[in-house]
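Undergrad: My structure is below; once you've seen it, I'll send some questions.
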Amino acid sequence: MKHLFRTGMLAGAVIAALGMFSTAAAGGRPDLVLSGLKAGRAHQADELIVKYRDGATSTDQAAVRQGLGARKVDTLRPGNGKRGEVALLRLPAGTSVAAAVQALANDASVEYAEPNWTYQHRATSNDTYYTNGSLWGMYGDASTPSNQYGSQAAEAWARGHTDCGNVIVGVIDEGIYFNHEDLAANIWVNPYDGADGIDNDGNGYVDDLRGWDFEGDSNNINSGGASDDHGTHVAGTIAGVGGNGKGVAGVCWSGVKLISGKFLGRRGGSTANAIKAIDYFNDLKARHGLNIVATNNSWGGGGFSQALQDAIERANKAGILFIAAAGNDAYDNDTTASYPSNYPNPNIIAVASTTSTGGLSSFSQYGKVTVDIGAPGSGIFSTVPKSAKGKLISSYASYSGTSMATPHVTGAAALYKSSHSGATAADVEAAILGAAIPTPSLQGKVVTDGRLDVSGF
Ligand SMILES: [Ca+2]
Ligand SMILES: [Ca+2]
Ligand SMILES: [Ca+2]
């Protein structure tokens, strides 16, 4: 269309071209993208995510690349002849991402173009000496020991509900030390793709035995060794093995299976790999009928991404909750958007962090409209790998962050789903938010004005 416009055409055709042109300009939110770049949000300096408009031909795509002098480095979501492809492009030296976004804002072949944002995990401390030795986040007011500000999981356990029978949870984070003594029994092992060097289930990932490392493009979900501590810590709060006389207990003691979508590495994670991880779970659920209820997303940063929002929407359509940390910079997410927790998708539950004395954690972000609920996040004890004499061993540590609050809610989703097998994602979310206990420190700070209570699950 651009080519015809440049070389001249009949008046009627010009009008038709302009009509399409204005439609084409409506995709994405270049204003939000550019404001994020202007604010200095971290991103890959030479990469651009492009969603081609539905119907864009390979010639159109090549013209877009040529116009920028860019080359394609990855396909994030293939086109299918009708639906436009989402691609990762590498820009030539000297071309800024902002300039490229601007250049494509009115390109008829492009629905949107945006940066490949960089994310960091949301723990405020990995100080292993800062431990309080208590699992207060799991306590209830009627448990021993008790803490009325815990998630009340111990009360559900006391009623005999410790097993989350066959519910599956995706952990989009660092990897998981899957041999940990208090996790190994609750890590998924892929029955559809054994270790034979062949992608037996045809999902594009060879021998994805326990998930996939999207950062390292490998089936080893513990490729970070002891530096997969954050992902391992999150995993233990959802599904630490309970009742085995050691370590911790997750909200779900047994039955539950965790699948790793590792995308955070030493340099953080990227939008491109977050999208791949989300779609990996969407596909697993569709391909094999897995009972995936939620993904845990204890990470954030960067600016607005239509591509990421679209991937979360595909999870919504797949019936997978996207449970997300509100962030650790103590601001109001209603006035300063925090991603991904601020996206408007109905399957997102945004989680703030609370303390063992019922306060909003000093670091926790909040938002009367954009953050849903509080959950224990200060001084949370869970599983971590530890390096000892060149080997990894099982260990435990106390971390704080909305990263630690989020897996309490994800565990709650699994616990609820396991006793309400017919519940839709919306039902699970409504149960979690509906059970929130009104809490003075959260009044006007989160949608529910309250904190997590799974005693009735
Ligand atoms: Ca295989
Ligand atoms: Ca596979
Ligand atoms: Ca244990």
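The values are calculated or read from the model by the stated rules, or taken from the named source; none is laboratory data. Everything numeric in this text was worked out from a predicted model, so none of it was measured. Backbone-built Cβ (ideal geometry, glycine too); neighbour counts: all protein chains shown.
Undergrad: Quick check: is even one residue across segment 262-277 closer than 19 Å to V409 by Cα and either of a type in the set (A, V, I, L, M, F, W, C) or out of contact with any Lys or Arg (no Cβ under 7 Å at 6 or more places or on another chain) (or both)?
TA: There is no residue in segment 262-277 that is closer than 19 Å to V409 by Cα and either of a type in the set (A, V, I, L, M, F, W, C) or out of contact with any Lys or Arg (no Cβ under 7 Å at 6 or more places or on another chain) (or both).
Undergrad: Could you grab me the full set of residues in segment 178-200 that are surrounded by fewer than 18 Cβ atoms within 10 Å (Cβ to Cβ) and away from ligand 3 (no atom under 16 Å from the Cβ)?
TA: If the condition is that a residue be surrounded by fewer than 18 Cβ atoms within 10 Å (Cβ to Cβ) and away from ligand 3 (no atom under 16 Å from the Cβ), then V189, P191, Y192, G194, A195, D196, G197, I198, D199, N200 are the ones that fit.
Undergrad: Which condition number in (1) touching a helix residue (DSSP H, G or I) at 6+ places or on another chain (Cβ under 6 Å); (2) within 16 Å of ligand 2 (Cβ to nearest atom) is the one that D199 fails?
TA: (1)
Undergrad: Scanning segment 223-252 for residues that are closer than 18 Å to P385 by Cβ, among the β-branched types (V, I, T) and in a loop (DSSP other than H, G, I, E, B), which turns out nearest to ligand 2 (Cβ to nearest atom)?
TA: Among residues in segment 223-252 that are closer than 18 Å to P385 by Cβ, among the β-branched types (V, I, T) and in a loop (DSSP other than H, G, I, E, B), the one nearest to ligand 2 (Cβ to nearest atom) is V241.
Undergrad: Right, here's the next one. Within segment 335-368, can you find the residues that are more than 30 Å from K246 (Cβ to Cβ), hydroxyl-bearing (S, T, Y) and crowded, with 19+ Cβ neighbours inside 10 Å?
TA: Within segment 335-368, S338, Y339, S341, Y343, S364, Y366 meet the criteria.
Undergrad: Also, I was wondering about something else. Out of all the residues in segment 270-291, is one or more farther than 24 Å from T424 by Cβ and touching a Ser or Thr at 6+ places or on another chain (Cβ under 8 Å)?
TA: Checked against the condition, which is being farther than 24 Å from T424 by Cβ and touching a Ser or Thr at 6+ places or on another chain (Cβ under 8 Å), segment 270-291 yields at least one hit.
Undergrad: Here's something else I'd like to know. Step by step: first the residues of segment 421-457, then only those that are closer than 22 Å to I168 by Cβ and acidic (D, E), then the one that is surrounded by the most Cβ atoms within 10 Å (Cβ to Cβ). Which residue is that?
TA: E429
Undergrad: How do the pairs read when you match residues in segment 431-445 that are outside the structural domain of S151 (by TED's automatic domain parsing) with residues anywhere that are in a helix (DSSP H, G or I) and acidic (D, E), using Cβ under 7 Å and keeping only pairs 6 or more apart or on different chains?
TA: Once the first residue is outside the structural domain of S151 (by TED's automatic domain parsing) and sits in segment 431-445, no partner that is in a helix (DSSP H, G or I) and acidic (D, E) comes close enough.
Undergrad: Now for a different question. Picking from L321, L258, L264, which residue would you name as being closer than 22 Å to H230 by Cβ, within 16 Å of ligand 3 (Cβ to nearest atom), of a type outside the set (D, E) and buried (at least 24 other Cβ atoms within 10 Å of the Cβ)?
TA: Exactly one of L321, L258, L264 is closer than 22 Å to H230 by Cβ, within 16 Å of ligand 3 (Cβ to nearest atom), of a type outside the set (D, E) and buried (at least 24 other Cβ atoms within 10 Å of the Cβ), namely L258.
Undergrad: If you don't mind, there's one more thing I want to ask. Being part of a helix (DSSP H, G or I) and touching a residue at least 24 places away in the same chain (Cβ under 8 Å) is true for just one of N282, N220. Which residue is that?
TA: Of the residues listed, the single one that is part of a helix (DSSP H, G or I) and touching a residue at least 24 places away in the same chain (Cβ under 8 Å) is N282.
Undergrad: Suppose the filter is of a type in the set (A, V, I, L, M), under 26 Å from Q44 (Cβ atoms) and within 12 Å of ligand 1 (Cβ to nearest atom); does V206 pass it?
TA: Considered against the rule, which asks whether it is of a type in the set (A, V, I, L, M), under 26 Å from Q44 (Cβ atoms) and within 12 Å of ligand 1 (Cβ to nearest atom), V206 comes out as yes.
Undergrad: Something else: Which ranges mark the strands (runs of 3 or more DSSP E) fully within segment 369-436 that have 2 or more residues being of a type in the set (G, A, S) and under 16 Å from G240 (Cα atoms)?
TA: 391-399
Undergrad: Still on this model: Return the residue satisfying two criteria in turn: it lies in segment 400-415 and is farther than 13 Å from V171 by Cα and hydroxyl-bearing (S, T, Y), and of such residues it is surrounded by the most Cβ atoms within 10 Å (Cβ to Cβ).
TA: T402
Undergrad: Here's a follow-up. In segment 99-114, how many are within 13 Å of E47 (Cβ to Cβ) and aliphatic (A, V, I, L, M)?
TA: 3
Undergrad: Name every residue in segment 54-83 that is more than 23 Å from N203 (Cα to Cα) and buried (at least 19 other Cβ atoms within 10 Å of the Cβ), in order of residue number.
TA: A56, D60, Q61, V64, L68, A70
Undergrad: Would you check which residues across segment 285-302 are assigned to a strand (DSSP E or B) and among the small types (G, A, S) and list them?
TA: A294, G300
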